[in-house]
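Engineer: Let me begin by handing over the structure; questions about it come next.
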Amino acid sequence: MKNLGSSPLSRRQFLTVAGIGIAAASFVPRLLFGQSNSAIVPAMLDEAAKAKIDTQPIRRSISVLSGSGGNIAVLSGKDGKLLIDSGFRVSKPRLSEALARVSSDPITQLINTHWHTDHTDGNAWVHAAGAHITAHENTKKHLEASTRVEGWKWTFPPSSASALPATVFEKDHRIHHNDTEIALRYYGPAHTDCDISVVFQDADVIHVGDTWWNGIYPFIDYSTGGSIDGMIHATEQNLNFISGKMAVIPGHGPVGNKAGLGEFQDMLVTIRRNVADLKKQGKSVEETIAAKPTQRYDAKFGQSLISPAFFTSLVYIGV
């Protein structure tokens, strides 16, 4: 399998691929961003507007498009294109060109892995192109209401009616499309309270959304139901389900496999334990950050916008 890119992400690259998916906790230190929190969303949108869209064929008419927020999976065929996530709407011209290069099939289906804007901001134009939108019921709940992100001093307004999922489910859902059985499964609260996995059963491919950030410390959105323990539990579910031959599409970072997920799980569990021990000793968040509980993993996971200090502060909230 060709790798989407395994080198550490620069801050600019991370802004492009991670986008709004890092909705913030209330006390995210401003110094981590190098600019006022209220400028983060416009900066991310500006990056997405200029980003190149890269295309990687996976297997059996499934491709991954990266560059507009979260990774977008595309299943092509006689029933039309099925997309998983829609990226940023400012990427529409480049995404449209990339989709046309994948195949001439029209867009007919869209699945959202969760509510975050880097995965749903393009919903309206994808729906206008012909897509029926499916998501977990909590995704619709967040999209149809105003959502305040305190760490960015930013309130996301309700999405338009055309951007909302028309089909929602509580636990599990199945779609048959392009001679492929597609299984949607709700994790329970993890990165948010609406994360789902999408399995292309005939192709042995799974999209796990933002329950996996491959090679990147993940954001945990406590503001809409996420938690460090939820992230660990979701990763355990993934590892119990995924076979060694399965291609795993993360929400952010290169396409990977079960071995990579195992490394991610080890990182989450170890850092959670380290931070919990320090907090139990009465250490403040600043003292916990200074103790460097993530140090063992920083070279691999800590080279992006979500710095070791930021991730430590996120874990500290939840232990």
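The values are calculated or read from the model by the stated rules, or taken from the named source; none is laboratory data. Remember, it's a predicted structure, so these values are computed and weren't measured experimentally. In this analysis, Cβ positions are derived from the backbone assuming ideal geometry, glycine residues included, and neighbour counts consider all displayed protein chains.
Engineer: Out of all the residues in the range 285-296, is one or more without any contact (Cβ under 8 Å) to a residue 60 or more places away in the chain and under 28 Å from Gln201 (Cβ atoms)?
Structural biologist: no
Engineer: Which strands (runs of 3 or more DSSP E) does the range 59-151 wholly contain that include 3 or more residues that are charged (D, E, K, R) and farther than 24 Å from Val168 by Cβ?
Structural biologist: Output list is empty.
Engineer: Just give me the residues in the range 217-230 being farther than 19 Å from Lys141 by Cβ and either touching a Lys or Arg at 6+ places or on another chain (Cβ under 9 Å) or surrounded by fewer than 24 Cβ atoms within 10 Å (Cβ to Cβ) (or both), in sequence order.
Structural biologist: Scanning the range 217-230 gives Ile228, Asp229.
Engineer: Need pairs with beta-carbon distance below 7 Å; first residue in contact (Cβ under 8 Å) with a residue 12 or more places away in the chain and within the range 96-107, second loosely packed, with under 12 Cβ neighbours inside 10 Å and of a type in the set (Gly, Ala, Ser); sequence gap 6+ or separate chains.
Structural biologist: none
Engineer: While we're looking at this one, here's another question. Run His136 past the list (1) closer than 28 Å to Asp204 by Cβ; (2) over 19 Å from the mean Cα position of the chain (by Cα) and report the number of the one that doesn't hold.
Structural biologist: The number of the failed condition is (2).
Engineer: Only one of Val248, Val198, Val205, Val168 is among the aliphatic types (A, V, I, L, M) and in contact with a Phe, Trp or Tyr (Cβ under 8 Å, 6 or more places away or on another chain). Can you tell me which?
Structural biologist: Working: Val198 fails: in contact with a Phe, Trp or Tyr (Cβ under 8 Å, 6 or more places away or on another chain); Val205 fails: in contact with a Phe, Trp or Tyr (Cβ under 8 Å, 6 or more places away or on another chain); Val168 fails: in contact with a Phe, Trp or Tyr (Cβ under 8 Å, 6 or more places away or on another chain).
Testing whether each residue is among the aliphatic types (A, V, I, L, M) and in contact with a Phe, Trp or Tyr (Cβ under 8 Å, 6 or more places away or on another chain) leaves just Val248.
Engineer: Looking at Ala183, Ala163, which is the one that is surrounded by fewer than 20 Cβ atoms within 10 Å (Cβ to Cβ), among the hydrophobic types (A, V, I, L, M, F, W, C), more than 13 Å from the chain's Cα centre (by Cα) and over 17 Å from Asn71 (Cα atoms)?
Structural biologist: Ala183
Engineer: Across the range 60-76, what is the total count of residues that are hydroxyl-bearing (Ser, Thr, Tyr), more than 18 Å from Arg89 (Cβ to Cβ) and in contact (Cβ under 8 Å) with a residue 40 or more places away in the chain?
Structural biologist: Of the residues in the range 60-76, the ones hydroxyl-bearing (Ser, Thr, Tyr) are 61, 63, 66, 68, 76.
Of the ones still in play, those that are also more than 18 Å from Arg89 (Cβ to Cβ) are 61, 63, 76.
Add one more test, that the residue is in contact (Cβ under 8 Å) with a residue 40 or more places away in the chain, and what stays is 61, 76.
Qualifying residue count, the range 60-76: 2.
Engineer: Residue under question is Glu137, and the condition is that it be surrounded by fewer than 20 Cβ atoms within 10 Å (Cβ to Cβ) and touching a Phe, Trp or Tyr at 6+ places or on another chain (Cβ under 7 Å); does it hold? Reasoning before the result, please.
Structural biologist: On the way: surrounded by fewer than 20 Cβ atoms within 10 Å (Cβ to Cβ): yes; touching a Phe, Trp or Tyr at 6+ places or on another chain (Cβ under 7 Å): yes.
Yes, satisfied.
Engineer: Can you confirm whether Met267 is surrounded by fewer than 24 Cβ atoms within 10 Å (Cβ to Cβ), hydrophobic (A, V, I, L, M, F, W, C) and either more than 26 Å from Ala309 (Cβ to Cβ) or in contact with a Gly (Cβ under 8 Å, 6 or more places away or on another chain) (or both)? Working first, answer last.
Structural biologist: On the way: surrounded by fewer than 24 Cβ atoms within 10 Å (Cβ to Cβ): yes; hydrophobic (A, V, I, L, M, F, W, C): yes; either more than 26 Å from Ala309 (Cβ to Cβ) or in contact with a Gly (Cβ under 8 Å, 6 or more places away or on another chain) (or both): no.
No.
Engineer: Residues His233, His252: which one is modelled with pLDDT of 95 or more and not aromatic (Phe, Trp, Tyr)?
Structural biologist: His233
Engineer: What are the residue pairs meeting all of these: first residue in the range 115-139, first residue on the phi > 0 side of the Ramachandran plot, second residue crowded, with 21+ Cβ neighbours inside 10 Å and of a type in the set (Val, Ile, Thr), Cβ atoms under 7 Å, and 6 or more apart or on different chains?
Structural biologist: Pairs found: Gly130/Ile107.
Engineer: Residues in the range 65-81: is at least one modelled with pLDDT under 95, touching a Phe, Trp or Tyr at 6+ places or on another chain (Cβ under 9 Å), closer than 19 Å to Ala166 by Cβ and not aliphatic (A, V, I, L, M)?
Structural biologist: no
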